[in-house]
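A.B. asks: Take this structure, written in C-alpha cells, and hold onto it; I'll ask about it next.
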There are 2 protein chains.
Amino acid sequence: MRAGIELGGTKTVVAIGNERGDVLEEIRYPTSDPATTLNRACEWIAARGDPKSIGIAAFGPIVLQKNHEQYGRLLATPKKNWQGASICEPISRTFPKAKLALDTDVNAAALAEARVGAGAGVDDLVYITIGTGIGAGILTEGRLLHGTLHAEFGHLKVPREPNDAFAGICPFHGDCLEGMASGPAIAARWNESADRLPATHPAWELQAWYLAHGVLSLVAIVAPACVVIGGGVAQVEGLHQKIQTQLCRLSAGYFPLVEDKNFIRAPMLGQQAGIIGALILCDL
Amino acid sequence: MRAGIELGGTKTVVAIGNERGDVLEEIRYPTSDPATTLNRACEWIAARGDPKSIGIAAFGPIVLQKNHEQYGRLLATPKKNWQGASICEPISRTFPKAKLALDTDVNAAALAEARVGAGAGVDDLVYITIGTGIGAGILTEGRLLHGTLHAEFGHLKVPREPNDAFAGICPFHGDCLEGMASGPAIAARWNESADRLPATHPAWELQAWYLAHGVLSLVAIVAPACVVIGGGVAQVEGLHQKIQTQLCRLSAGYFPLVEDKNFIRAPMLGQQAGIIGALILCDL
C-alpha cells in the first residue's frame, strides 16, 4: 500500500493508491493549522494500513535540498501558522518505516502528467499552471528540478506586447509574467473575470503572447519535449493552439522541437494531477 | 590516469590529469576533420598510458540523451565534415575499457567552476559565456542539465531597454539576448570592437541590462546559488558588479538569493575551464 498527500493552501487531499497512480480511496478537507491538518492525514492513512511509501505534494515555498538543515520546512508564506513548519516531521514520526518523498504541488503535477497523463512516457516535461498565480513544475531527464529552491517561473520578465499599456499587478515587479497573465491580472486588465471572457475575446491572443514568451525561456533553458499548460485560466478553447502558433513565430525555426504540433498540450489529469503525482513521487 | 578532451570549433585540447582536475600534461592543435582530430587525441593519450576514464567537452549541438540512438553525434553545425559525426565512437574503439563521459563545452566549464573554480563547493551553478555567441552551462543539484538537447540560453527573448532602438543581429530572432549582447552585437551597435570600448562607455550599462534580464530568467527557472559569467566580452572591469546591481533592481526583493553580493561572479579558471571540466566529467 502507498499513500499520497496533496497539501494545498486551502484544501488537503489524502489518498491511498497504487504504483500507477490510481487513487483507490481519498479524503478531502480544508487545510487548517499544521498539526491538525497533518495529524488528520496520518490518522486517515493509519486506519487503512501500513504504507510502504508516502508522497507529499505541498504548497510552497518549501526547502527541498536534501542536505539542508531546514529540509521539508515552509519558508515565508502568507498562510498563518505555516511559516517554518515542518511537513515531514509529523508524518515520519507516525510512519517511521515508510519511505517519504516531498515535492512542490506543481512538480508533482508535472510528474503525474509525464507518467500517466498528457505526456505519458516523456522524461522532459514542463507543467505550467495559470490561476491566481503562475507556476511551473519541471521534469528533466526523469528528475524533478529544484535548484536551491524551486522554479518561481511566474516572476520572470518577458517583453511587453508593443501596444500593451497595462501596468501589470505583481506587487513586486508590476509587469512580470504573473503580473501580466495570471487570472487576477486578466480580471484587472479587462474588468471582467477570465472565465467570463469568450474564446473570441482579444484577451486570449494577448494572453498567448505572454505565455509564448514564458515558454520560450523554458525551451531555451531546460529544453523540454513538451509543455503542459493547465489551471483555471488555461481552460478557454483554443488557447493552447494560440500559444503554439506564437511560440513557433518566436522560435523562427531555431528550436525544431516547438514545431511539433503537440508541443503545447492541455493536461489530461485535471485537478487529480497533484494527488496522482504524490502517489508516485517516491518512485523517483 | 585520466584523460580529457576539449573539442572546440577551432582548436582541440587533450590532457592527462588527476581527479582534482589538475592538468599534468596537455597538447593543443587545430580542429580539422573528425577522424584526424579524434585519432590524434587517441594516439597522444595512448602514448601516455591506459586511461581509466576519458571526459570529452565538445562544441555542439550534440545529442546527450543516453538512451537516444544518435547519442554522441553532432547535429546541424556549420562546421564542415562534423555534421552527423560520432564523437564517442573512435574513442571507445581505441579505449574499450575506459569510462567515457561526454558533455558540452559550457557544461564542462560550469562543472569545473563549481568544483575547483569560482563556485567551488556549490552544487547549483550556472556558467554563462559571452563571446561570438552567448551560451550557458547549468549544474543543478550536482548534475549537468540537458533536457532533450541542451541549453540554448543565448536565444531567449528579453525585454528591450526602453530607449534602445538597435535592431539586433541574430539571423533568426533579431533582438534575442545573443542578438543584442554578444560580441558581434556590441561591435555592430557601437561600430567598435567590444575590447576597445572603455569600462566607462555606456555600452556596458546597456550590456548589464540585457544580461541581468537573461540571468533573471535562469533564477526564475533553475534557481542557482551563483552565476559565473565569463568569455571575452565579460572581461571589462566592473561589468559583473553592474549586472548584479541591475539584477537586484529587477528582483525587487522577491529572489533573496540574488542579493548575495557574490551571486554574480567572474570565472576563476579562464580558458582552462573546459579541459578541467573534461577531466572531472566522468565523476558525475
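We did not get these values from a lab; they are worked out from the coordinates using the rules stated. All figures in this text were calculated on a predicted structure; none of them were measured in a lab. Because the Cβ atoms are built from the backbone with ideal geometry, glycine has one as well, and the counts that use them run over all protein chains shown.
A.B. asks: What is the Cα convex hull volume of region B:118-267 when expressed per residue in Å³?
C.D. replies: Spelled out: Cα convex hull of region B:118-267, divided by residues, is 106 Å³.
A.B. asks: Hey, with R₀ at 41 Å, roughly what FRET efficiency would B:Lys97 and A:Asp33 work out to, going by the Cβ-Cβ distance, to 0.05?
C.D. replies: Values: r = 60 Å, r/R0 = 1.45.
Once the sixth-power term is evaluated, E becomes 0.10.
A.B. asks: Charges on Cβ only, +1 for Lys and Arg, -1 for Asp and Glu, centred on the Cα centroid of the protein assembly as shown; of B:Leu100, B:Ala57, B:Gly253, which one is farthest towards the dipole's positive end?
C.D. replies: Going by the charge dipole, the pick is B:Leu100.
A.B. asks: If we count other beta carbons within 10 Å of each Cβ, what is the order of B:Glu152, B:Glu141, fewest first?
C.D. replies: Ascending Cβ contact count within 10 Å gives the list B:Glu141, B:Glu152.
A.B. asks: Enumerate the calculated ³J(HN,Hα) couplings along region A:216-228 in order (Karplus 6.51 cos²θ - 1.76 cosθ + 1.60, θ = phi - 60°), each rounded to whole Hz, writing x wherever the residue is Gly or Pro.
C.D. replies: 4, 4, 5, 4, 6, 9, 10, 6, x, 7, 7, 10, 9
A.B. asks: With both partners inside the protein assembly as shown, how many of the DSSP beta bridges are antiparallel, as a percent to the nearest 5? Before the final figure, lay out the partial values.
C.D. replies: Values: 49 of 87 bridges.
Within the protein assembly as shown, antiparallel bridges account for around 55 percent of the total.
A.B. asks: In nanometres, what is the gap between the two model label sites at B:Ala188 and B:Gln235, each 7 Å from Cα along Cα-to-Cβ?
C.D. replies: Spacing of the two 7 Å Cα→Cβ label points: 2.4 nm.
A.B. asks: Per residue of A:149-157, count partner chain C-beta atoms within 10 Å of its C-beta, then hand back the mean as an integer. List each step's numbers first, then the result.
C.D. replies: Details: counts 7, 2, 5, 6, 3, 1, 8, 10, 9.
Average per residue, whole number: 6.
A.B. asks: Between the label point of B:Gly232 and that of the same position in each other copy, find the distances and list them shortest first in nm, with every label point placed 7 Å from Cα along the Cα-to-C-beta direction.
C.D. replies: In ascending order, 5.3 nm.
A.B. asks: Using 0.36 nm per residue, how much length does the chain from A:Ala252 to A:Ala46 gain when fully extended, once their Cα-Cα distance is taken away? Before the final figure, lay out each step's value.
C.D. replies: Details: separation 206, 0.36 × 206 = 74.16 nm, distance 5.50 nm.
Full-extension gain reported as 68.7 nm.
A.B. asks: Be a star and scan region A:42-80 for residues whose amide nitrogen sits under 14 Å from the point 7 Å along the Cα-to-Cβ vector of A:Glu25.
C.D. replies: A:42-51
A.B. asks: Measuring nothing but label to label, 7 Å from Cα along Cα→Cβ, what are A:Asp164's distances to the other copies in nm, shortest first?
C.D. replies: 1.9
A.B. asks: Enter the angle in degrees (range 0 to 90, nearest 10) between the Cα long axis of helix A:239-251 and the first principal axis of the Cα atoms of chain A, meaning the one along which they spread out most.
C.D. replies: In chain A, helix A:239-251 runs at an angle near 60 degrees to the longest axis.
A.B. asks: Assign one of three labels to the protein assembly as shown, namely rounded, prolate or oblate, based on the Cα gyration tensor with a ≥ b ≥ c the square roots of its eigenvalues; rounded applies when a/c is under 1.5, prolate when it is not and a/b is larger than b/c, and oblate otherwise.
C.D. replies: Cα axes put the protein assembly as shown in the oblate bin.
A.B. asks: Could I ask something else about it? For A:Gly49, which inter-copy label distances result when the label point lies 7 Å beyond Cα on the Cα-to-Cβ vector, reported in nm to one decimal and in ascending order?
C.D. replies: 5.5
A.B. asks: So for region B:118-267: antiparallel DSSP bridges make up what percent, rounded to the nearest 5?
C.D. replies: 60
A.B. asks: Can you grab the distance from the C-alpha centre of region A:108-183 to the C-alpha centre of region B:169-216, Å, no decimals?
C.D. replies: 28
A.B. asks: Then there is this: Simple spin-label model, 7 Å along Cα-to-Cβ: B:Asn81 to B:Ala165 in nm?
C.D. replies: It works out to 4.8 nm between the two label points.
A.B. asks: Looking at chain A, what % of its DSSP beta bridges pair antiparallel, to the nearest 5?
C.D. replies: Rounded to the nearest five, the antiparallel share is 55 percent.
A.B. asks: Strictly over 20 Å apart at the Cα level, which of A:Lys80/A:Lys157; A:Lys11/A:Lys99; B:Lys11/B:Lys80 would you flag in this model?
C.D. replies: Those over the limit are A:Lys80/A:Lys157; A:Lys11/A:Lys99.
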